[in-house]
Amino acid sequence: MKKLFALLLAVLMVASLAACGGGADTDGTDAAKTGSVYWLNFKPEADEALQKIAATYKAETGVEVTVVTAASGEYESNLTAEMDKSNPPTLFVVGNTAAVKTWGEYCYDLKGTDVYNELTTDDFTLYDESGKACSIGYCYESFGIIVNKALLKEAGYEITDITNFESLKKVAEDIHARAAELGFDAFTSSGLDDSSSWRFSGHLANMPLYYEGRDDKWTECPAEIKGTYLDNFKNIWDLYINNSAVAPDSLATAGYDAEAEFGKGEAVFYQNGSWEYANLTGTYGMKAEDLQMIPIYCGVEGEENAGLCSGTENCWAVNAKASEENIQATLDFMKWMVTSEAGTACMAEQFGEIPYKGAAANENVFFQNAAKCLEEGKYSVAWTFNYTPNVNDWRGTLVDAMVQYCAGGDWAAVETAFVNGWATQYQAANG
């Protein structure tokens, strides 16, 4: 009798465990091994929205998604620190060829995964030398000079009046000369502090890099560069800093907010990217019809046929050293982000165009501007800065030289930082 009672008790215990989820769940997976996601986010401006989408995903699936956002300009150092911890990121950014060399061993091969199969183009996928798909673009973006067309018209001009550097210079210098009368200036501040300098050491520096790379047909990071188009870099930089409401020698320390200046109607021109659209139309209430992005003109022959600078450094990588459960949870989350209604809506709002089959419609006029340029047969300016060796160190040295120049120093220091600095960082990165 005691043996029969023990047997019945054992059966009841097994049934109880199954009822409480101790066995396999309905889709055959182990409920105790659902895994979790830790996303080290590259874009500070998207943090609030990503925290919300993480909560939405957890409510829908029960899977924990932690989003930690690196401060502007500090992603690489944050990633290095986080990867050394016991619970490292499962989802992170590997956005250029240099990063592939640094983090390739941490990258799970995404080729053939469900999220990879949702891609509409392979243009933004980064591979290592073995052919492993180390990271995939989760959005692409465009940058150029954002124009407040209403203010431009108030100053007596139309977008069609600007077709190259010469015409941009003429318009900007005239507006700056009449700033007191008009109540606004030509360009926003070109801050060289950490919160803003990437716009110039990265995005503006892309112009001379792009044209040199185009001429010399770069397919990988060159050991040395010539600086062929540094006079053009100087052209546009001088135009920015000499046709603004702020003194050039204050750009490194004054902590200017160019976005706010533009959003409040204090300047006509603002160099930045498609990611600014949500803030300009939302936070500052600017009208879509008053906004347009034009190419960054710098005096290169034939630039009348240039389009916007389009590309991405926003490429998802999955941590190959994470547990199998966390890798699968991360892949599932990525697929949900690019296929579900909530995920694709968030992606469209925060990141703009995404190269996935289920992409939501995007009302961002800056992407419409980029598309129109291509429809008109204009060439797209690639993100050649993705080749930069030891990118943070190279940019830091360049910024230091630009600061000196703005304080009355010699442009030759900028050229040295640009050209010699490249060779130095290439050697540091490659031996």
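The rows are residues; the columns are (1) surrounded by 19 or more Cβ atoms within 10 Å (Cβ to Cβ); (2) part of a loop (DSSP other than H, G, I, E, B); (3) touching a residue at least 12 places away in the same chain (Cβ under 8 Å); (4) on the phi > 0 side of the Ramachandran plot.
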{"position": "Glu276", "(1), (2), (3), (4)": "yes, no, yes, no"}
{"position": "Asn279", "(1), (2), (3), (4)": "no, no, yes, no"}
{"position": "Tyr284", "(1), (2), (3), (4)": "no, yes, yes, no"}
{"position": "Gln292", "(1), (2), (3), (4)": "yes, no, yes, no"}
{"position": "Trp316", "(1), (2), (3), (4)": "yes, no, yes, no"}
{"position": "Ile327", "(1), (2), (3), (4)": "yes, no, yes, no"}
{"position": "Thr344", "(1), (2), (3), (4)": "yes, no, yes, no"}
{"position": "Gly358", "(1), (2), (3), (4)": "no, yes, yes, no"}
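Considering region 363-380, the residues that are aromatic (Phe, Trp, Tyr) and not assigned by TED's automatic domain parsing to the domain that holds Glu304 include one that is modelled with the lowest pLDDT, namely Phe367.
Quick one: how many residues across region 231-256 are surrounded by 15 or more Cβ atoms within 10 Å (Cβ to Cβ), small (Gly, Ala, Ser) and over 24 Å from Phe165 (Cα atoms)? Count: 2.
How about region 217-274: which of its residues are among the polar types (S, T, N, Q), out of contact with any helix residue (DSSP H, G or I) (no Cβ under 8 Å at 6 or more places or on another chain) and either in a loop (DSSP other than H, G, I, E, B) or closer than 28 Å to Gln425 by Cβ (or both)? Thr219, Thr253 - these are the residues of region 217-274 that are among the polar types (S, T, N, Q), out of contact with any helix residue (DSSP H, G or I) (no Cβ under 8 Å at 6 or more places or on another chain) and either in a loop (DSSP other than H, G, I, E, B) or closer than 28 Å to Gln425 by Cβ (or both).
Restricting Ala81, Ala19 to those that are loosely packed, with under 14 Cβ neighbours inside 10 Å, farther than 28 Å from Ser340 by Cα, among the small types (Gly, Ala, Ser) and at pLDDT below 95 reduces the list to Ala19. Being crowded, with 22+ Cβ neighbours inside 10 Å, in a loop (DSSP other than H, G, I, E, B) and either of a type outside the set (A, V, I, L, M, F, W, C) or not assigned by TED's automatic domain parsing to the domain that holds Ala317 (or both) holds for only one residue in Gly156, Gly144, Gly95, Gly131, and it is Gly95.
Residue by residue, here is whether (1) crowded, with 19+ Cβ neighbours inside 10 Å; (2) under 21 Å from Phe385 (Cβ atoms) holds:
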{"residue": "Ala258", "(1), (2)": "yes, yes"}
{"residue": "Phe262", "(1), (2)": "yes, no"}
{"residue": "Ala288", "(1), (2)": "no, no"}
{"residue": "Lys321", "(1), (2)": "no, no"}
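The values are calculated or read from the model by the stated rules, or taken from the named source; none is laboratory data. Owing to the predicted nature of the structure, the values given are computational and were not obtained by experimental measurement. No Cβ is skipped: glycine too gets one built from the backbone with ideal geometry, and neighbour counts run over all protein chains shown.
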